Each structure stands twice: as C-alpha cells, then as structure tokens.
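Notes to accompany the following structure.
Only the coordinates and a few stated rules stand behind these numbers; no lab work does. Bear in mind that the values here come from a model prediction, so they are computed numbers and not experimental data. Here Cβ is always computed from backbone atoms with ideal geometry, including for glycine, and neighbour counts include all displayed protein chains.
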Amino acid sequence: MLAAVLDEYGLDDTEVTMATRFTEDLELESIDLVTLAGKLQERWGDRINFAEFLAGMELDEIIGLTVGRLVDHVVDRLRTAERS
C-alpha cells in the first residue's frame, strides 16, 4: 500500500525500513497519509482506523511517525480483531 503511494511520486525504488519516517524520510504530506489511510481502510475495513490512531498522538509524534510504528499498530489491531 505504501509502495502505491510512493509510486505516485516516482519514489517506488526508495528503500523503506521499519525506521523510515513518513514526513522526514519520505517527505509525505498529510494528504498522502490520508491516501494511505484510505488504502488501509479498503484492505481491512474498520479494523484499522488510521484517523483514530493519529488522534491519540501529539503533533511531534505524527511528524516523527515511522513505518514500523504504523506496522505495529496494524498488526496489533488485526490480532485484536481476530480474538473478538
């Protein structure tokens, strides 16, 4: 999903790791995060609520958001949904 967003900017060959930051390393804007949120919603429905995830963060946490933190959130939410 992230690759699809990066592809729109010609960044599809950019190395992305768990430590990669959306804002500083990938230079994604808030609209790009909205696009990513839409892709997450399409794939997993209400199990992954990206807006709710961001709402629990301070601004500096959002700016420093890493791929790994998002991956951890997605995995946690999916595991929680499986147990329900």
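Once the chain from Met57 to Asp76 is taken as fully extended at 0.36 nm per residue, the excess over their C-alpha distance is 5.2 nm. DSSP loop chymotrypsin sites (Phe, Trp or Tyr not before Pro) in the chain with at most 15 other Cβ atoms within 10 Å of their Cβ, which ones? Listed in order of number, the matching sites are Tyr9.
Which is the longest stretch in the chain that no exposed loop site breaks, taking sites as GluC sites (Glu not before Pro) with a DSSP loop state and at most 14 other Cβ atoms within 10 Å?
30-57
Taken one residue at a time, the phi angles of region 22-34 give Karplus couplings (6.51, -1.76, 1.60, θ = phi - 60°) of 4, 7, 6, 8, 9, 6, 7, 9, 4, 5, 5, 5, 5 Hz. Gly and Pro are set to x. Remark: Ile63, Ile31, Ile48 ranked as Ile31, Ile63, Ile48, counting other beta-carbon atoms within 10 Å and listing the fewest first. The C-alpha atoms of the chain define a longest principal axis, and helix 67-83 lies at about 20 degrees to it.
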